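**Student:** My structure is below; once you've seen it, I'll send some questions.
The values are calculated or read from the model by the stated rules, or taken from the named source; none is laboratory data. On a predicted model such as this, the values are computed, not experimentally measured, just so you know. Quick reminder, even Gly has a Cβ in these numbers, built from the backbone with ideal geometry, and neighbours come from all protein chains shown.
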């Protein structure tokens, strides 16, 4: 889970720049971008997400661990792999290419992921004694420095008969822990360009211009920035498909920011607030 991937994690989804503006001449785009930069200047500075403010709106995640096999029907794309504690190759995953699923006991399962020979992330999912809540501890080494944290899940669908306790439908409820240094990111608006940096990643993009690669992102993500009213909109793509849209809006007093992150592939949304630290 990332609370701030290239903007703020999540800050994402929905609106797009009207086609007529996208097709303006270079001179016309420059004028529009300069105007946008002026109104986006309030973004300048470092922002820290308030972990307590993070809220989730999405369909439940659905897992099944039974008869030595694990599947995640709501993963994008869906995933099925042996649950034998060994690494097995997987396709179409931008941040890892093999996964290990190990049953620790009747309530706990460990997940480890590699990209090439390097382990890049891991999770430990533990279901409470009553079976209705679970904690997910995670380690994400795709970022620099690596991020550690813990979240709470709430059961919203029962486990099938004979399946492991993690099976069924779960909804994310709360982010309990998250590496403090990974909650902050910095924006700099100069002329018609926006620069962003955080968690060992960065980009500089022209407002209303083409998508640019995100330096330090091992998944090959690109970002395009536009103005949405007085807000900044960041549209993230991989392999030509939009995977996230983030809209960040600074408050009138310039001291806080609200962000909305949406994944158009499944309609999931994460919202939160960030406070300006300098």
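Here's the yes/no breakdown for (1) under 30 Å from residue 249 (Cβ atoms); (2) over 19 Å from the mean Cα position of the chain (by Cα); (3) surrounded by fewer than 18 Cβ atoms within 10 Å (Cβ to Cβ):
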| site | (1), (2), (3) |
| --- | --- |
| 49 | yes, no, no |
| 62 | no, no, yes |
| 66 | no, yes, yes |
| 90 | no, yes, yes |
| 97 | no, no, yes |
| 105 | no, yes, yes |
| 116 | no, yes, yes |
| 120 | no, no, no |
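**Student:** Continuing with the same structure: Do the conditions hold for residue 163, that is, is it free of Cβ contacts under 8 Å to residues at least 60 places away in the same chain, in a loop (DSSP other than H, G, I, E, B) and surrounded by 15 or more Cβ atoms within 10 Å (Cβ to Cβ)?
**Tutor:** Criteria not met by residue 163.
**Student:** Conditions first: (1) free of Cβ contacts under 8 Å to residues at least 24 places away in the same chain; (2) within 23 Å of residue 182 (Cβ to Cβ). Residue 92 passes all but one, so which condition is the exception?
**Tutor:** The single condition residue 92 does not satisfy is (2).
**Student:** Oh, and also: If you take the residues of the stretch 151-182 that are under 24 Å from residue 196 (Cα atoms) and out of contact with any strand residue (DSSP E or B) (no Cβ under 6 Å at 6 or more places or on another chain), which of them is modelled with the highest pLDDT?
**Tutor:** 180
**Student:** For the stretch 53-82, which residues satisfy the criterion of being in contact with a strand residue (DSSP E or B) (Cβ under 9 Å, 6 or more places away or on another chain) and without any contact (Cβ under 8 Å) to a residue 40 or more places away in the chain?
**Tutor:** Of everything in the stretch 53-82, those that are in contact with a strand residue (DSSP E or B) (Cβ under 9 Å, 6 or more places away or on another chain) and without any contact (Cβ under 8 Å) to a residue 40 or more places away in the chain turn out to be 68, 69, 70, 71, 72, 73, 75, 78, 79, 80, 81, 82.
**Student:** Continuing with this model, one more query. From 272, 267, which residue is over 17 Å from residue 44 (Cβ atoms), in contact with a helix residue (DSSP H, G or I) (Cβ under 9 Å, 6 or more places away or on another chain) and either surrounded by fewer than 18 Cβ atoms within 10 Å (Cβ to Cβ) or modelled with pLDDT of 95 or more (or both)?
**Tutor:** Going through 272, 267 in turn, the sole match is 272.
**Student:** Examine the stretch 215-237 for a residue that is assigned to a loop (DSSP other than H, G, I, E, B), modelled with pLDDT of 95 or more and surrounded by 21 or more Cβ atoms within 10 Å (Cβ to Cβ), and state whether such a residue exists.
**Tutor:** yes
**Student:** Can you tell me which residue is nearest to residue 68 (Cα to Cα) among those in the stretch 166-214 that are touching a helix residue (DSSP H, G or I) at 6+ places or on another chain (Cβ under 7 Å) and outside any loop (DSSP other than H, G, I, E, B)?
**Tutor:** Restricting to residues being touching a helix residue (DSSP H, G or I) at 6+ places or on another chain (Cβ under 7 Å) and outside any loop (DSSP other than H, G, I, E, B), the top hit is 175.
**Student:** Separate question: When residues of the stretch 118-150 are filtered for being modelled with pLDDT under 95 and either closer than 17 Å to residue 60 by Cβ or not assigned by TED's automatic domain parsing to the domain that holds residue 167 (or both), how many remain?
**Tutor:** 0
**Student:** Filter the stretch 250-264 for residues that are surrounded by fewer than 18 Cβ atoms within 10 Å (Cβ to Cβ) and over 18 Å from the mean Cα position of the chain (by Cα) and give the result.
**Tutor:** Matches in the stretch 250-264: 251, 252, 253, 254, 255, 256.
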